[in-house]
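Heads up, the thing below is written out as C-alpha cells.
Since every read-out is calculated from the coordinates, none of them should be taken as a lab result. Because the structure is predicted, anything quoted here is derived from the model rather than measured. So basically every Cβ, Gly included, is an ideal-geometry build from the backbone, and we count neighbours across all protein chains shown.
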Amino acid sequence: MNAPRSKKTLQRWLSRFAIIAVASLVIAGLVKAFLPQPIKVDMSVIERGPMAVSVQEDGMTRIQERFVVAAPLSGRLQRIQLDPGDSLTAGETLLAAIEPLDPTLLDARASAEAEARVKAADARWRQVTEEAVKADAELIQAQKTLERIAKLHQRNAVTGQELDEAKLAVQQAEQNEKSSNFAEKVAEFELELASAASTRTQGGDPESPENTQFSIISPITGRVLRVFQESSKVVTPGENLIELGDPTDLEVVVDVLSSDAVRINARLQEEGTPPPHVTLEHWGGDQPLHGIVRLVEPSGFTKVSALGVEEQRVNVVIDFNESIELKKTLGDGFRVEAQIIVWEESDVLIVPTSALFRDREEWSVFKVVDGGAVLQPVTIGQRNGLQAEVLEGLVEGERVIVHPGDQVEAGVLVQERQ
C-alpha cells in the first residue's frame, strides 16, 4: 500500500520541479529580452609610436641644367641632322651650320650688332667666372668644416645632427659648384660663338672656305632634348635651334598649395633641422625613390583644379638622393608622386582619426570603460590622414571606439566586434 503512494508523491514533486524549471527559463528569457544589449563596435588601443605628417602631390622630373642653342647671326641654316636622344660630346659634336646670306651676313649693321653681342657675352662670362670661383671656395670651406666636425664626432664632442648638417652643407656646395661650372662653360661657349660671328661680319672674301659656313659645336657633353628647327631655312639672330642637357642630372618639381608651401618652407628654414625628406612613388620602378627639398620658389601661380576651382600653387624643387644608375631609367618630364614630410616624431601618443569627432567645438572620443562608452574630450596636435597626435585626454593602453555610429552614446554598453 505504501509503495504506490510513494510513487505518486515522487511524480508530484517531479511535476512541480518541471514547472518551476520552465517558469525560471521563461522569466530568464523575459529578463534577457528586456535588458539592454551591448552594441557591437570596432575598437582600437591607444599606443605610442612614430608618426609623420606629409604633403602628397604629383610632380614632374626635369633636367637641372638645360641649354638652348640659338642662332648667333643671320644666314641660311643647314638641315640639322641630330634627333632627340642623340649623344653629344663637348667641343666635338656639330650641332648646326649656317651659310652666309648676302647682304645680311656681311653688312655694317650686322657687324655692329655682332660686336655688341661680343661685349655682352664677355660681361656674362666674367660674371659667371666669379660665381664659379666663389662656389669652389665655398665647397672647400664646407669640406674642411665636415672634416673638423667628423673628428669631433669621433670624440663625442658634437652630436650626430651636427655631423649630418655638415654633410648636407657639402652636398649643397657640390651642387652649387656643379651648376656654376656648367654656367661658366655655357658663358664661355656663348662668348666664343659671339666672337666668331663678329669675325664673320668683318668682311673678307665670301667665297673663301672660312667664310662659306659658320659651324656651331656642342658646348656640353650630354644629349639632345629638343630640336626646334630641323629643316633648312633662313634664321635671324637669337632664333632657337636646339636644346641640350644631361638626362642624368635630374630634379623633381612639385606644385603644392601655397598653404602647404608655407609649412614646407618653415621646415626648410628651421635651424638645426635637416631639409624635409621626400618619398617618390609610382614612377615606374618597383621601389620608391628618395630625395630632399632644396628650394621652395618665392613666387606662386594660379592653377585651376580638376573641379574648376582656382588655387594658388607654389613649385617645390627636390633633389634626388639616389645613385645615377637608378635615375637612368627616368627622363625629363616624367611623372612621380611625392610625399614631402613636414613633421615627424619617433615617439608620440597616437589615436586613429576615425575615432575623433567634434563635440561642442572640441575634439572628443568614446573611451571604453568596464564595457561601457564614456565621452572623453581630447586635445589633438599634429594630424595626417589616418592618425592624430594626442596631447591630453588619453593614456597609453586605453581603448577607444572607431567609426562610432548613431547608436553609440555616453553610457551605453558596447562589445568589440569580432
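Can you give me the ranges of the strands (runs of 3 or more DSSP E) entirely in the range 352-418 with at least 2 residues that are surrounded by 17 or more Cβ atoms within 10 Å (Cβ to Cβ) and in contact with a helix residue (DSSP H, G or I) (Cβ under 8 Å, 6 or more places away or on another chain)?
Where strands (runs of 3 or more DSSP E) fall fully within the range 352-418 and carry at least 2 residues being surrounded by 17 or more Cβ atoms within 10 Å (Cβ to Cβ) and in contact with a helix residue (DSSP H, G or I) (Cβ under 8 Å, 6 or more places away or on another chain), they are 362-369, 387-392, 399-402.
If you take the residues of the range 152-181 that are among the charged types (D, E, K, R) and farther than 17 Å from V128 by Cβ, which of them is surrounded by the most Cβ atoms within 10 Å (Cβ to Cβ)?
E165
Can you tell me which residue within the range 52-84, out of those that are acidic (D, E) and in a strand (DSSP E or B), is surrounded by the most Cβ atoms within 10 Å (Cβ to Cβ)?
This residue is E57.
In the range 280-297, how many are touching a residue at least 24 places away in the same chain (Cβ under 8 Å), outside any strand (DSSP E or B) and at negative phi?
Result for the range 280-297: 2.
Yes or no, residue by residue, for (1) without any contact (Cβ under 8 Å) to a residue 40 or more places away in the chain; (2) assigned to a loop (DSSP other than H, G, I, E, B); (3) basic (K, R); (4) over 23 Å from N384 (Cβ atoms):
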| site | (1), (2), (3), (4) |
| --- | --- |
| E271 | yes, yes, no, yes |
| V278 | no, no, no, no |
| S299 | yes, no, no, yes |
| T302 | yes, no, no, yes |
| E311 | no, no, no, no |
| T329 | no, yes, no, yes |
| D332 | no, yes, no, yes |
| V336 | no, no, no, no |
| V342 | no, no, no, no |
